[in-house]
Amino acid sequence: MGIPANDPEQLPLGVFEGMPFLPVGERGRGNDGEAGDGEAALAVREPPVCGEWSFDLSDDAESRGGATFVDTAPQPASARAQPRENTLNAARRRTGAPEGAPAAPMPPAPPLRSLRTPVIQRAVTPPTPLPALAELKSIHEAHPGDVKTAIAFASALDKRGNIEGALSVLMRAIGAGADGVVLRCARATILSNRLRYDDAEAELKRAAKLRGDDPEVLLQQGILACRRAKWRDAVEPLAHVAKLSPQSGPAHFYLGEALNKLDRLKEALAAYERASDLEPGNWRALKGVGIVLDRMGRPADAAAFYRRARDAQSG
């Protein structure tokens, strides 16, 4: 039995609306309902072929002659043995053409419709413009001993990949009489971010000689120890900073990192939780809470913090 042209099974949910109609023969029945006349053309929509959604089929339609499907269903022996002339004569009888006259050609199939996948336009948030280097340079040259200007200028150079230029700006400010402790810590941060740990440690030693109990010096010492996986060395300076500056989110976070690595889970959990309270957007602190809870055998509580960490990271 033939397949109707508008069979809903051929067009689920209307997603192939507008697909071309191709000639597919129905054996043993003509359009007039008489059996045994041969093959008659029925309009059937062409379903999509796997892999055809990413390029334009209209460029290839001409080379394929419009029709792309070949009916390969098994045929009865009588149908396979039927001469081609019978099919042509049946077509002549339906059109009223005399016997032996050339059959009218089949109308060409309409051009294949492009199935190119539409491109979804996503809103892109423009990056925050960095401060104008010329302006920062001008202010720094006018006031080389100003700590805030020197750090801002060095940070702008660092973000642009000019590491040596950033370090030189900070050193020039130190030479101009600015606070060497703050600026040495700033140099250590830049060097540590570039994995130049030995140079960063040397800067922190110079800063410690000037003011060894400074919270910023202790914080940078603890962070550097964590990055070098010296977890025991990191605990003391970070714990000291957490007492001196209880509002320091980084101090609590890195303290949680060190304590977790040392299997001091209860203390690590408290440090991570404090860091996440101080900095709700710190997804690493939220993830740290989840990791410790997992290790403590509380997977349901851990999953809640993993979700919060995922949301904070994607937000």
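Do we have residue 244 as in contact (Cβ under 8 Å) with a residue 12 or more places away in the chain and out of contact with any Phe, Trp or Tyr (no Cβ under 8 Å at 6 or more places or on another chain) here? Judged against the criteria, residue 244 is a match. Per the conditions (1) charged (D, E, K, R); (2) loosely packed, with under 15 Cβ neighbours inside 10 Å; (3) in contact with a His (Cβ under 9 Å, 6 or more places away or on another chain), the sole criterion not satisfied by residue 263 is (3). At least 1 residues being more than 20 Å from residue 150 (Cα to Cα), touching a His at 6+ places or on another chain (Cβ under 8 Å) and outside the structural domain of residue 261 (by TED's automatic domain parsing) is the threshold, and among the helices (runs of 4 or more DSSP H) wholly inside segment 183-248 those reaching it are 215-227. Inside segment 257-290, residues that are polar (S, T, N, Q), assigned to a helix (DSSP H, G or I) and within 15 Å of residue 308 (Cβ to Cβ) make up a count of 1. Taken as a whole, the condition of being out of contact with any strand residue (DSSP E or B) (no Cβ under 8 Å at 6 or more places or on another chain) and assigned by TED's automatic domain parsing to the domain that holds residue 137 applies to residue 178. Can you pull out the residues in segment 116-155 that are part of a loop (DSSP other than H, G, I, E, B) and either under 25 Å from residue 175 (Cβ atoms) or modelled with pLDDT of 95 or more (or both)? Once the filter is applied, which keeps residues that are part of a loop (DSSP other than H, G, I, E, B) and either under 25 Å from residue 175 (Cβ atoms) or modelled with pLDDT of 95 or more (or both), segment 116-155 yields 131, 132, 143, 144, 145, 146.
Just so you know, in segment 239-260 the residues that are surrounded by fewer than 20 Cβ atoms within 10 Å (Cβ to Cβ) and among the aliphatic types (A, V, I, L, M) include one that is nearest to the chain's Cα centre (by Cα), and it is 239.
The values are calculated or read from the model by the stated rules, or taken from the named source; none is laboratory data. On a predicted model such as this, the values are computed, not experimentally measured, just so you know. Positions of Cβ are generated from backbone atoms using ideal geometry, with glycine treated the same way; all protein chains shown enter the neighbour counts.
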